[in-house]
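Here it is, the structure in full.
The values are calculated or read from the model by the stated rules, or taken from the named source; none is laboratory data. Everything quoted here is computed from the prediction, not taken from an experiment. So basically every Cβ, Gly included, is an ideal-geometry build from the backbone, and we count neighbours across all protein chains shown. Surface accessibility is based on the protein's heavy atoms, side chains included, excluding ligands, DNA and RNA. Shrake-Rupley method; radii C 1.70, N 1.55, O 1.52, S 1.80 Å.
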Amino acid sequence: MSTSSKILLALRRNMSSANATHNARVIAGHKATLKNPRVSEEAKEHSRQMIKELEGNNSTPIDNEHLHRVLGGYRATLHNPNTSESAKAHAEEMITALEATEGYNPPARKRSFDDGLDEHEHRRLGGFKATISNPKTSEAAKDHARQVLAEHDKTS
(Lines give C-alpha, C1' and ligand atoms only; values in the text may rest on other atoms or scores of the structure.)
Protein backbone atom coordinates (compact mmCIF):
# COMPACT_ATOMS: atom_id res chain seq x y z
CA MET A 1 0.00 0.00 0.00
CA SER A 2 1.47 3.39 -1.00
CA THR A 3 2.04 6.19 1.50
CA SER A 4 -0.72 8.31 -0.01
CA SER A 5 -3.14 5.38 0.24
CA LYS A 6 -2.25 4.94 3.90
CA ILE A 7 -2.85 8.61 4.59
CA LEU A 8 -6.19 8.57 2.77
CA LEU A 9 -7.21 5.51 4.75
CA ALA A 10 -6.18 7.24 7.99
CA LEU A 11 -8.14 10.35 7.00
CA ARG A 12 -11.22 8.24 6.44
CA ARG A 13 -10.80 6.38 9.73
CA ASN A 14 -10.00 9.45 11.84
CA MET A 15 -12.79 11.66 10.59
CA SER A 16 -15.18 13.03 13.18
CA SER A 17 -18.46 12.93 11.29
CA ALA A 18 -21.67 11.52 12.68
CA ASN A 19 -21.53 8.72 10.09
CA ALA A 20 -18.24 7.40 11.49
CA THR A 21 -19.55 7.58 15.05
CA HIS A 22 -22.71 5.76 14.02
CA ASN A 23 -20.74 2.98 12.31
CA ALA A 24 -18.50 2.57 15.36
CA ARG A 25 -21.55 2.15 17.59
CA VAL A 26 -23.16 -0.34 15.23
CA ILE A 27 -19.94 -2.37 15.17
CA ALA A 28 -19.79 -2.26 18.99
CA GLY A 29 -23.32 -3.62 19.15
CA HIS A 30 -22.44 -6.49 16.82
CA LYS A 31 -19.32 -7.27 18.89
CA ALA A 32 -21.50 -7.41 21.99
CA THR A 33 -23.76 -9.87 20.18
CA LEU A 34 -20.76 -12.14 19.55
CA LYS A 35 -19.95 -12.27 23.28
CA ASN A 36 -23.52 -12.83 24.46
CA PRO A 37 -24.03 -16.53 25.34
CA ARG A 38 -27.82 -16.23 24.89
CA VAL A 39 -27.59 -15.31 21.21
CA SER A 40 -28.06 -17.99 18.55
CA GLU A 41 -25.20 -19.06 16.30
CA GLU A 42 -27.16 -17.72 13.31
CA ALA A 43 -27.32 -14.24 14.88
CA LYS A 44 -23.60 -14.40 15.72
CA GLU A 45 -22.76 -15.28 12.11
CA HIS A 46 -24.85 -12.35 10.91
CA SER A 47 -22.96 -10.05 13.31
CA ARG A 48 -19.60 -11.36 12.06
CA GLN A 49 -20.63 -10.56 8.48
CA MET A 50 -21.85 -7.09 9.45
CA ILE A 51 -18.62 -6.30 11.33
CA LYS A 52 -16.55 -7.43 8.36
CA GLU A 53 -18.66 -5.32 6.00
CA LEU A 54 -18.65 -2.19 8.18
CA GLU A 55 -14.94 -2.34 9.00
CA GLY A 56 -14.07 -2.87 5.34
CA ASN A 57 -16.22 0.02 4.15
CA ASN A 58 -13.88 2.73 2.83
CA SER A 59 -16.62 4.78 1.18
CA THR A 60 -16.85 7.15 4.15
CA PRO A 61 -16.53 10.79 3.05
CA ILE A 62 -13.32 12.60 3.93
CA ASP A 63 -13.33 15.29 6.60
CA ASN A 64 -12.36 18.26 4.40
CA GLU A 65 -11.32 20.47 7.32
CA HIS A 66 -8.77 17.90 8.44
CA LEU A 67 -7.63 17.35 4.86
CA HIS A 68 -7.08 21.11 4.41
CA ARG A 69 -4.87 21.12 7.50
CA VAL A 70 -2.88 18.13 6.26
CA LEU A 71 -2.41 19.82 2.88
CA GLY A 72 -1.40 23.04 4.65
CA GLY A 73 1.31 21.15 6.49
CA TYR A 74 2.68 19.73 3.26
CA ARG A 75 2.57 23.18 1.63
CA ALA A 76 4.46 24.62 4.59
CA THR A 77 7.10 21.93 4.05
CA LEU A 78 7.61 23.21 0.51
CA HIS A 79 8.39 26.72 1.78
CA ASN A 80 10.52 25.76 4.77
CA PRO A 81 14.21 26.50 4.03
CA ASN A 82 15.30 23.90 6.62
CA THR A 83 13.55 21.04 4.82
CA SER A 84 15.53 18.59 2.68
CA GLU A 85 14.91 18.27 -1.04
CA SER A 86 13.66 14.69 -0.59
CA ALA A 87 11.10 15.89 1.99
CA LYS A 88 9.96 18.62 -0.40
CA ALA A 89 9.62 16.08 -3.21
CA HIS A 90 7.56 13.84 -0.92
CA ALA A 91 5.38 16.82 0.07
CA GLU A 92 4.71 17.63 -3.58
CA GLU A 93 3.78 14.02 -4.24
CA MET A 94 1.40 13.98 -1.28
CA ILE A 95 -0.24 17.28 -2.26
CA THR A 96 -0.89 15.93 -5.75
CA ALA A 97 -2.30 12.66 -4.41
CA LEU A 98 -4.49 14.27 -1.76
CA GLU A 99 -5.89 16.92 -4.09
CA ALA A 100 -6.87 14.14 -6.50
CA THR A 101 -8.81 12.35 -3.75
CA GLU A 102 -12.45 11.62 -4.54
CA GLY A 103 -14.64 13.81 -2.37
CA TYR A 104 -12.00 16.51 -1.85
CA ASN A 105 -13.58 19.95 -1.81
CA PRO A 106 -10.97 22.71 -2.09
CA PRO A 107 -11.41 25.74 0.16
CA ALA A 108 -12.83 28.93 -1.31
CA ARG A 109 -10.11 31.33 -2.32
CA LYS A 110 -10.17 34.85 -0.94
CA ARG A 111 -11.05 37.41 -3.54
CA SER A 112 -8.40 39.90 -4.50
CA PHE A 113 -9.30 43.52 -5.17
CA ASP A 114 -7.49 46.06 -7.33
CA ASP A 115 -7.87 48.88 -4.79
CA GLY A 116 -5.54 47.30 -2.21
CA LEU A 117 -8.28 46.66 0.35
CA ASP A 118 -8.91 43.20 1.73
CA GLU A 119 -12.25 41.41 1.74
CA HIS A 120 -12.98 42.42 5.35
CA GLU A 121 -12.55 46.11 4.55
CA HIS A 122 -14.83 45.80 1.53
CA ARG A 123 -17.51 44.20 3.69
CA ARG A 124 -17.08 46.89 6.35
CA LEU A 125 -17.50 49.68 3.78
CA GLY A 126 -20.48 47.84 2.28
CA GLY A 127 -22.08 47.94 5.73
CA PHE A 128 -21.65 51.71 5.83
CA LYS A 129 -23.24 51.97 2.38
CA ALA A 130 -26.18 49.91 3.61
CA THR A 131 -26.49 52.19 6.66
CA ILE A 132 -27.07 55.20 4.41
CA SER A 133 -29.99 53.56 2.59
CA ASN A 134 -31.58 51.97 5.69
CA PRO A 135 -34.76 53.92 6.62
CA LYS A 136 -34.52 52.73 10.26
CA THR A 137 -31.06 54.25 10.80
CA SER A 138 -30.72 57.59 12.58
CA GLU A 139 -29.40 60.65 10.78
CA ALA A 140 -26.38 60.72 13.08
CA ALA A 141 -25.46 57.18 12.07
CA LYS A 142 -26.00 58.03 8.40
CA ASP A 143 -23.75 61.09 8.75
CA HIS A 144 -21.07 58.94 10.37
CA ALA A 145 -21.35 56.40 7.54
CA ARG A 146 -21.04 59.17 4.93
CA GLN A 147 -17.95 60.48 6.73
CA VAL A 148 -16.26 57.06 6.79
CA LEU A 149 -17.09 56.45 3.13
CA ALA A 150 -15.80 59.90 2.17
CA GLU A 151 -12.49 59.09 3.92
CA HIS A 152 -12.23 55.99 1.73
CA ASP A 153 -13.63 57.78 -1.34
CA LYS A 154 -16.41 55.18 -1.57
CA THR A 155 -19.54 57.33 -1.55
CA SER A 156 -22.62 55.81 -3.07
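So which of L11, L34 is assigned to a helix (DSSP H, G or I) and modelled with pLDDT under 80?
Numbers: L34 fails: modelled with pLDDT under 80.
Being assigned to a helix (DSSP H, G or I) and modelled with pLDDT under 80 holds for just one of L11, L34, which is L11.
Just to be sure before I move on: is S112 open to solvent by less than 50 Å² (accessible area, probe 1.4 Å) and either under 30 Å from D153 (Cα atoms) or modelled with pLDDT of 80 or more (or both) in the structure I sent? Lay out the reasoning, then the answer.
On the way: open to solvent by less than 50 Å² (accessible area, probe 1.4 Å): no; either under 30 Å from D153 (Cα atoms) or modelled with pLDDT of 80 or more (or both): yes.
Criteria not met by S112.
Here is a further query. In this structure, is A140 open to solvent by 70 Å² or more (accessible area, probe 1.4 Å) and of a type in the set (A, V, I, L, M)?
Working: open to solvent by 70 Å² or more (accessible area, probe 1.4 Å): yes; of a type in the set (A, V, I, L, M): yes.
Yes; evaluated as a whole, the condition is true for this residue.
In segment 119-132, which residues are more than 17 Å from D153 (Cβ to Cβ) and open to solvent by 90 Å² or more (accessible area, probe 1.4 Å)?
Those that are more than 17 Å from D153 (Cβ to Cβ) and open to solvent by 90 Å² or more (accessible area, probe 1.4 Å): H120, R123.
Here is a yes/no grid of residues against (1) polar (S, T, N, Q); (2) open to solvent by 80 Å² or more (accessible area, probe 1.4 Å); (3) at pLDDT 85 or above:
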{"site": "R38", "(1), (2), (3)": "no, yes, yes"}
{"site": "S47", "(1), (2), (3)": "yes, no, yes"}
{"site": "G73", "(1), (2), (3)": "no, no, yes"}
{"site": "H79", "(1), (2), (3)": "no, yes, yes"}
{"site": "S84", "(1), (2), (3)": "yes, no, yes"}
{"site": "A89", "(1), (2), (3)": "no, no, yes"}
{"site": "E92", "(1), (2), (3)": "no, yes, yes"}
{"site": "I95", "(1), (2), (3)": "no, no, yes"}
